[in-house]
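Undergrad: After the structure tokens below, expect a handful of questions from me.
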Amino acid sequence: MERRYNIVDRRIVEVQGVPALVNVFINPNESERKYLIDTLKLDDHTLNSALDPDELSRLEFEPEHLALIYKRPKSHTYQDQFLFRVTSAGAYLFKDQLVVIISEDLPLFDSSMLFRSQTPAYVMLRLLFRSSFHFLEHLKIISSISDDLQDKINRAMENRHLLNLFTLEKSLVYYLNSINSNNVVIERLKLNTSKIGFSLNEQELLDDTLIENNQCYRQAEIYSNILASLMDARASIVSNNINVLMKTLNIITIAIMVPTFIVSAFSMNVDIPLQRHPFAFWIIMGMALISVLGFIYSWRRMKW
């Protein structure tokens, strides 16, 4: 599926049937792939890299265009639960247009995004900036989920929430690798600004993107280190909660056993004291009650 965009009043809008500044191909079919390879001269390997979620970010200079493969967060769905995934995207910069290839229909542009320049290079850099911002948004969500899981672990008697936290930690590892991979590409773009021909506005946006991506990487690293360093402590909390529960059950069992022993002793089918006493039942019940009170007193005194 193909979508076309132009910049109108400093905002990017979708257009139909006219030459476009940005052409987005979403999981291109065979005819679209043939057009990209035969007409636009895209390399088949680079084209497949844009659709491969495991591909690393990279920058390649082709005779007629610049090929950029970068990482971006994948849209999170209910089926993913606590696993946040990443995907790849390809941006192919020509003199008069930008071709973007993605594997699924993802929001590439924010409606509030303003463009200071109407060049394909500026749009490409905005895509990189938007990717870093998207990572930051997901990191905030991961942090919120992590805090919620930690509260549940403090009261948990099972490993379900702990396993969910492990899944979040796995997601952060993917994010760290992807953000770092994007940082390498941004650094290479900065080293080749004169070769690519970036304008002053584009160089300023590239600097902002580099700063944003570095901040995103540091934030992801902090979250990952916190989760990893406290994982053993959280596992100990779950184990301790189970021990506390077992201790409480043992105390309840002992508290029940003491009066049960007294009542059972006076229920034997042999001659026993008080068996002919008119208040034998109430005496036995009183002894059982006294035994319970004595156990509670001992329990409190010994601070079990």
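Undergrad: Be a star and scan segment 71-101 for residues whose amide nitrogen sits under 18 Å from the point 7 Å along the Cα-to-Cβ vector of Lys170.
TA: Within reach of a label on Lys170: 74-87.
Undergrad: Continuing with this model, one more query. Name the shape class, rounded, prolate or oblate, that the alpha-carbon gyration tensor gives for segment 243-302, where a ≥ b ≥ c are the square roots of its eigenvalues, rounded holds for a/c under 1.5, and otherwise prolate holds if a/b is larger than b/c and oblate otherwise.
TA: It is prolate, given that a/c is not under 1.5 and a/b is the larger ratio.
Undergrad: Calculate, for Leu230 and Asp52, the FRET efficiency according to 1/(1 + (r/R0)^6) with r their C-beta to C-beta distance and R0 41 Å; round to the nearest 0.05.
TA: So, using R0 = 41 Å, E works out to roughly 0.75.
Undergrad: Could you give the dipole magnitude of the chain about its Cα centre, charging the beta-carbon of Lys and Arg +1 and that of Asp and Glu -1, in debye to the nearest 20?
TA: Using only the charged Cβ atoms, the result is roughly 1520 debye.
Undergrad: So, R0 is 22 Å and r is the distance between the beta-carbons of Asn6 and Thr193; what FRET efficiency does that work out to, to 0.05?
TA: 0.30
Undergrad: Here is a follow-up. Pop the C-beta distance of Val244 and Met287 into the FRET formula with R0 = 22 Å and round what comes out to the nearest 0.05.
TA: 0.10
Undergrad: Which of the three applies to segment 5-67, rounded, prolate or oblate, going by the alpha-carbon gyration tensor with a ≥ b ≥ c and a/c under 1.5 meaning rounded?
TA: prolate
Undergrad: What residue among Ser264, Gln16, Ile101 has its Cα farthest toward the positive end of the dipole of the chain, where the charges are +1 on Lys, Arg and -1 on Asp, Glu, each on the Cβ?
TA: Farthest towards the positive pole: Ser264.
Undergrad: Ok, one more. Considering only lysines 8 or more places apart in sequence, or on different chains, count the pairs in the chain whose C-alpha atoms sit under 30 Å apart.
TA: Final tally of qualifying lysine pairs is 28.
Undergrad: Using alpha carbons only, how many angstrom separate the centre of segment 23-78 from the centre of segment 176-199?
TA: 17 Å
Undergrad: For the chain, build the charge dipole from Cβ charges (+1 Lys, Arg; -1 Asp, Glu) around the Cα centre, then report which of Ser194, Asn48, Trp282 sits farthest towards its positive end.
TA: Farthest towards the positive pole: Trp282.
Rule-based calculations on the coordinates, nothing more; no lab input. None of these values were measured; they are calculated from a predicted model. Positions of Cβ are backbone-derived with ideal geometry, glycine not excepted, and every protein chain shown enters the neighbour counts.
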